[in-house]
Amino acid sequence: MDKINIGKTAFINPMPVVIAGTHSNEKPNFMAVGWISSVNLNPPLIAIGIGSHRCTAKGIEESGEFSICVPDASLLEKTDYVGVVSGNKVDKSGVFDLFYGELKKAPMIRECPICMECRLYQTVKLPTHTMFIGEIMGTYTEEKYLTDGKPNLTKINPFTLTMPDNNYWSMGDPIGKAWNIGLKLKQK
Ligand SMILES: Cc1cc2nc3c(=O)[nH]c(=O)nc-3n(C[C@H](O)[C@H](O)[C@H](O)COP(=O)(O)O)c2cc1C
């Protein structure tokens, strides 16, 4: 089948939608984030790509701390809201019920099934965005989201994002065991 070139489209989808929190202008502030990835095992590092002019970018640079919370589908509207209004113009500190772990400027969201508090590890300035790499200092959840002590995606019920069509998607069922299902081919 012939392949067609659809241009320089970064279709690394689906992306998990998360909410990044930090202190900006001396207040908790939150924004929706689709560009997130784990980038190192030990220490555990995660990276987010944040537009350099965003209120959140300034907050992370100033405080050196941020949080990453995973919303479930019931938080779709609130997540979208913190992705369309800026803390530079609107006070978003009251949108969620907040709690803190060990870090003083990494506000986390009580309604989210799982939250991580991060200390800024490295900053990479890119042409339009800044990649903030954070070291996870603590991960907070509740017993009801775990199976055998591990986070269970079905119970957490996150949602994903595709761009450039800008759709949110719910998760499907598991379809195989990672680091396992491919072993069949190895034995051939
Ligand atoms: C679903 C969704 C995902 C988003 N992902 C990102 C992202 O990864 N990086 C980014 O810079 N902006 C992203 N945005 C846009 C910001 O969330 C938005 O500009 C927000 O208003 C910034 O808030 P702030 O100025 O208070 O930091 C996303 C928006 C939505 C709705």
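The values are calculated or read from the model by the stated rules, or taken from the named source; none is laboratory data. The shown structure was predicted, so the numbers you read here are calculated from the model rather than taken from an experiment. Glycine gets a Cβ as well: all are built from the backbone with ideal geometry, and neighbour counts include every protein chain shown.
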Inset, instruction - Among what's in the range 29-41 and is in a strand (DSSP E or B) and within 11 Å of the ligand (Cβ to nearest atom), pick the residue that is farthest from G87 (Cα to Cα). - result: S37
Inset, instruction - Considering every residue within the range 72-84, establish whether at least one is farther than 26 Å from T9 by Cα, out of contact with any helix residue (DSSP H, G or I) (no Cβ under 8 Å at 6 or more places or on another chain) and either among the small types (G, A, S) or modelled with pLDDT under 95 (or both). - result: yes
Inset, instruction - Scan the range 117-127 and give yes if some residue there is under 24 Å from N167 (Cβ atoms) and not aliphatic (A, V, I, L, M), otherwise no. - result: no
Legend entry - Selection status of S74, more than 28 Å from M171 (Cα to Cα) and out of contact with any Gly (no Cβ under 7 Å at 6 or more places or on another chain): no
Legend entry - Residue that is in contact (Cβ under 8 Å) with a residue 12 or more places away in the chain, part of a strand (DSSP E or B) and more than 10 Å from the ligand (Cβ to nearest atom), where the choices are L103, L120, L75: L120
